[in-house]
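Since the structure comes first, as structure tokens, the remarks are kept for the end.
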Amino acid sequence: MDFRLTDEQTALRESVRDFAREVVAPVIAEHYEKHTFPYEVIRQMGKMGLFGLPFAEEHGGMGGDYFALCLALEELARVDSSVAITLEAAVSLGAMPIYRFGSDEQKATWLPKLLSGEALAGFGLTEPGTGSDAAGTQTRAVLEGDQWVINGSKAFITNSGTDITTLVTVTAVTGTNPDGSKELSTIIVPTGTPGFTVAPGYSKVGWTASDTHELTFDNCRVPAANLLGERGRGFAQFLRILDEGRIAIAALAVGLAQGCVDESIKYAKEREAFGRPIGANQAIQFKIADMELKAHTARLAYYDAAARMLAGEPFKRQAAIAKLHASTIAVDNAREATQIHGGYGFMNEYPVARFWRDSKILEIGEGTSEVQRMIIARDLGL
Ligand SMILES: Cc1cc2nc3c(=O)[nH]c(=O)nc-3n(C[C@H](O)[C@H](O)[C@H](O)COP(=O)(O)OP(=O)(O)OC[C@H]3O[C@@H](n4cnc5c(N)ncnc54)[C@H](O)[C@@H]3O)c2cc1C
């Protein structure tokens, strides 16, 4: 067992770390404040190859693996989570379904621009009336001749309304299975298709420089060939995508937790109270030591889940453990980092205020903490 990074992995981590500090950090607070999408940062991330990291070169990818994506996400989130979630959603939710389940033609049509970061795709699973219980999907798609006619709506869909969004994969009920359950399938809906409406962006507590919209489909017609993979495989497809995605979200959460440590060390050395730096107090030192401990153990949990996935072993439980643990400790670290910053921690100009606002969603998105516990318990045979 060896958790040390290879030279290549170390180089990737360092180049993303430098990029986050030199390119993201100087501009992100303004985007966050104004709720604007950082197109220029995303363009540069595309040039670095980050959107193609886990994909084969034959499709325009970088020939790396999912762990490489996780390392990049951790380093980005150490500075900013809006940029990190944009990459996570673009790769693991946006491009990955087409890469894993798409036909040769669908891959050739969509992947080159998605993998270069010139285009983004959304993953439309959640609906206004159902999130955790995805089997409750109400959106319907009916095959009429050689077209799917889609009706319904989707909620909270990341990367679905940017100027460079080219498509959304939509989970819809396409029939009834022999056992009476809903037949779910996934359909590619290109941006701009008549009947597909993107609502204005949500007003969010955190991730304010990322793009999230409600989507409506009103007799929206797409070619029958836009079916992704086999009809009726929608459920299995999104379970696979979400299992992997949990490792990526865990990496993002570890990055935020580590960013809280970075900022707290800096502040504890600068800020003086009672005639000495606050970091001279053991109470503050212990807080920071605990924060480091949590970031470290959560990192090991996502490394383990990623290693199992890449080895082709079962990883569902380990991915759920990593996501549950990393999101919990990210919230803990954000709370403690804010505490260490005192009143300044409550001011938006300090990165820890952003970390605090960005941390909570990690316990909700891509499966809530309760859902992770359900997955773990089920995998234990309960
Ligand atoms: C900023 C943002 C971005 C997002 N991006 C996307 C995206 O790109 N694509 C996408 O498809 N979705 C996306 N989502 C949706 C997200 O995945 C869902 O919000 C999440 O899965 C929870 O679903 P819900 O909001 O419907 O909550 P609900 O399912 O209604 O749950 C409400 C509460 O009840 C609890 N609960 C539900 N069932 C049980 C149970 N059986 N036992 C115990 N507790 C239970 C939940 O854990 C939660 O605490 C995004 C959400 C946000 C906020």
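The values are calculated or read from the model by the stated rules, or taken from the named source; none is laboratory data. Worth saying up front: this structure is predicted, and the values here are computed from it rather than measured. Here the Cβ is made from the backbone with ideal geometry for all residues, glycine too, and neighbour counts use every protein chain on show.
Observations
- Of the residues examined, G63 is one that is more than 26 Å from A326 (Cβ to Cβ) and modelled with pLDDT of 95 or more.
- Taking the stretch 176-263 and the strands (runs of 3 or more DSSP E) fully enclosed by it, the elements with 2 or more residues that are polar (S, T, N, Q) are at 182-190, 212-223.
- Close Cβ contacts (under 8 Å, 6 or more residues apart or on different chains) running from residues in the stretch 16-30 that are assigned to a helix (DSSP H, G or I) to residues that are aliphatic (A, V, I, L, M) and surrounded by fewer than 21 Cβ atoms within 10 Å (Cβ to Cβ) comprise V16/M48; F19/M48.
- Residue-level check: of (1) in contact with a strand residue (DSSP E or B) (Cβ under 8 Å, 6 or more places away or on another chain); (2) surrounded by 23 or more Cβ atoms within 10 Å (Cβ to Cβ); (3) closer than 19 Å to E57 by Cβ, G124 misses just (3).
- Residue in the stretch 297-319 that is within 30 Å of L125 (Cα to Cα), within 16 Å of the ligand (Cβ to nearest atom) and buried (at least 17 other Cβ atoms within 10 Å of the Cβ) present: yes
- Matching residues in the stretch 145-175 - criterion: being away from the ligand (no atom under 16 Å from the Cβ), charged (D, E, K, R) and in contact with a strand residue (DSSP E or B) (Cβ under 8 Å, 6 or more places away or on another chain): D146
- Number of positions in the stretch 61-95 that are surrounded by fewer than 24 Cβ atoms within 10 Å (Cβ to Cβ) and in contact with a Gly (Cβ under 6 Å, 6 or more places away or on another chain): 2
- When we screen N281, N348, N333 for residues that are surrounded by 17 or more Cβ atoms within 10 Å (Cβ to Cβ) and of a type in the set (S, T, N, Q), the only hit is N333.
- Taking the numbered list (1) under 21 Å from T212 (Cβ atoms); (2) more than 13 Å from the ligand (Cβ to nearest atom); (3) not in a helix (DSSP H, G or I) in turn, A141 passes all entries but (1).
- Positions within the stretch 81-138 being charged (D, E, K, R), away from the ligand (no atom under 12 Å from the Cβ) and within 22 Å of A306 (Cβ to Cβ), in sequence order: R100
- Some residue of the stretch 285-296 being hydrophobic (A, V, I, L, M, F, W, C), assigned to a helix (DSSP H, G or I) and closer than 20 Å to R4 by Cα: yes
- Test: V254 is out of contact with any Cys (no Cβ under 7 Å at 6 or more places or on another chain), within 27 Å of P97 (Cα to Cα) and β-branched (V, I, T): yes
- Checking the stated criteria, V352 turns out to be away from the ligand (no atom under 16 Å from the Cβ) and touching a residue at least 24 places away in the same chain (Cβ under 8 Å).
- Taking residues in the stretch 190-216 that are within 30 Å of R354 (Cα to Cα), and partners anywhere that are of a type in the set (F, W, Y) and assigned to a loop (DSSP other than H, G, I, E, B), the pairs with Cβ atoms closer than 8 Å and at least 6 places apart or on different chains are A209/F37; S210/F37; D211/F37; T212/Y202; H213/Y202; E214/Y202.
- Qualifying helices (runs of 4 or more DSSP H) (wholly inside the stretch 309-382; at least 3 residues being closer than 18 Å to I241 by Cβ and of a type in the set (V, I, T)): none
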